[in-house]
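Note sheet for the following structure.
Just so it is clear, none of the values below were taken in a lab; they were calculated from the coordinates. As the structure is a prediction and not an experimental result, all values here were calculated from the model. When we count neighbours, we look across all protein chains shown, and the Cβ atoms used for this are built from the backbone with ideal geometry, even at glycine.
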Ligand code: UD1
């Protein structure tokens, strides 16, 4: 298995292009199942999770062509010939559950294996199932598979989510576009990926209002047409690379970055002593002093501080002046990076969903292991802040969500290389 070698770094300078959002692309791709006309996505990221979704859609009979070195995905679902999403593919990625709503809406039936994905907590799919039931679906769980039917088609309904779920909102939103009548989604997720999905569905002819607020209203239509849609910038990749100059010093411009995608995160960076300014091409980030200040962070659904940036923020706070408290409120068991950071000399105490980080002067390079997608990149960031060499193993997690991480960081002067397994 490949690993990544990072050496402690001086200041970083230059520009990093931000790719299209993995999490937006993973919900936009299943939207192809809603129409028999082509759906083309531009600004797609080149990632193994996107290849997994490609395989899943292909297994259902959709055509997915990867053009322009993977930046364009041309999809067509005119000839779907299978309605079962098998465990072999679904187990690799939790977002596979997002084919359920579209398949049910278009074909009145779907069989989907219960998903796998990052090992961060239990992560059930009950909210997805309950939302689709509110639209008239009948669910049967058998042998690890969800067997869903909608005899006579889906009908509009009221869904009141007991708590915010990005994926369940996406599944319900896609299903509602073809349901008969009006659907109201209350306590809906407000993430930029939901807004991007609603925009794409509207281009396809869907009637949707309220995306970006916590109440989304959908007027079902008979059929959806084809469309071409650019994937929104990846706010998690953006936030991750914003932390690189925050950790190493220097000044880095993130091309395609937008403050409205990372508002709460920018507020915390400001508190820690990092300047973020808007430029014509994106965002520029520079550290104000020699060392950042400790800050307290708790994760929340958008527009709060994203759980997907918690591990990377912890890497920054390991060398901050003072004591920071990080509270993870979205997922249980999402501090698996903490023991790895401690191997590098970080002082962290974890109690349940709270981690207390006492800043040290400098981290020390060490061999560490990536445990999940965001944890893996937090270890790379920590390696940039450390004295000596850090080797991050199990980097297949990283390939799921960060394209060209080595090339992008080297482009701003980081000392990082990928070591290929022989
Ligand atoms: C999405 C993102 C993921 C991010 C997360 C929260 C994608 C592909 N992934 O994941 O990167 O970390 O949002 O911002 O977009 N829950 C239930 N039952 C359900 C669904 C969720 O209990 O049916 C719980 C989860 O375990 C979690 C919380 O709800 O504790 C929020 O999860 P959710 O917003 O659904 O996350 P995902 O859509 O899986």
query = If you average over every viewing direction, what projected area does the convex hull of the Cα atoms of the chain give, in nm²?
reply = 18.8 nm²
request  = May I ask for the Kirkwood hydrodynamic radius of region 36-189, worked out over all distinct Cα pairs and given in angstroms to one decimal?
outcome  = 15.9 Å
task = Give the calculated FRET efficiency between residue 139 and residue 219 to the nearest 0.05, with a Förster radius of 30 Å applied to their Cβ-Cβ distance.
result = 0.75
request  = For the chain, find the longest principal axis of its Cα atoms and tell me its angle to the long axis of helix 48-59, 0 to 90°, nearest 10.
outcome  = 10 degrees
ask   = Given springs between every Cα pair under 10 Å in a Gaussian network model of the chain, which of 231, 377, 412 has the largest fluctuation?
value = 412
request  = Pull out a ≥ b ≥ c, the square roots of the eigenvalues of the alpha-carbon gyration tensor of region 216-332, then state rounded if a/c is under 1.5, prolate if not and a/b is larger than b/c, and oblate in the remaining case.
outcome  = oblate
ask   = Given N residues in region 1-117, what is Rg(Cα) / (2.2 N^0.38 Å)?
value = 1.24
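How high is the relative contact order of region 181-244, in percent, counting Cα pairs under 8 Å that sit 6 or more residues apart? Display every interim value, and only then the final one.
On the way: 79 pairs, mean separation 23.2, N = 64.
It comes to 36 percent, rounded to a whole number.
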inquiry  = Rounded to whole Å, give me the distance from the Cα center of region 83-103 to that of region 322-395.
reply    = 32 Å
ask   = Between region 140-210 and region 19-78, what is the C-alpha centre distance in whole Å?
value = 19 Å
ask   = So how do 145, 241 line up by other beta-carbon neighbours within 10 Å, fewest first?
value = 145, 241
key: Average Cα contact separation per residue, region 70-184, under 8 Å, 6 or more apart, as relative contact order %   = 27 percent
request  = Report, to the nearest 10°, how far helix 192-203 tilts away from the longest principal axis of the Cα atoms in the chain, using its own Cα long axis and a range of 0 to 90°.
outcome  = 30 degrees
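Which of rounded, prolate or oblate describes region 155-201 when judged by the alpha-carbon gyration tensor and an a/c cut-off of 1.5? Could the numbers behind the result be given before it?
Numbers: a/c = 2.33, a/b = 1.16, b/c = 2.00.
Because a/c hits 1.5 or more and a/b fails to exceed b/c, region 155-201 counts as oblate.
Taking Cα pairs under 8 Å and at least six residues apart, what relative contact order does region 268-422 come out at, in percent?
On the way: 282 pairs, mean separation 25.8, N = 155.
17 percent.
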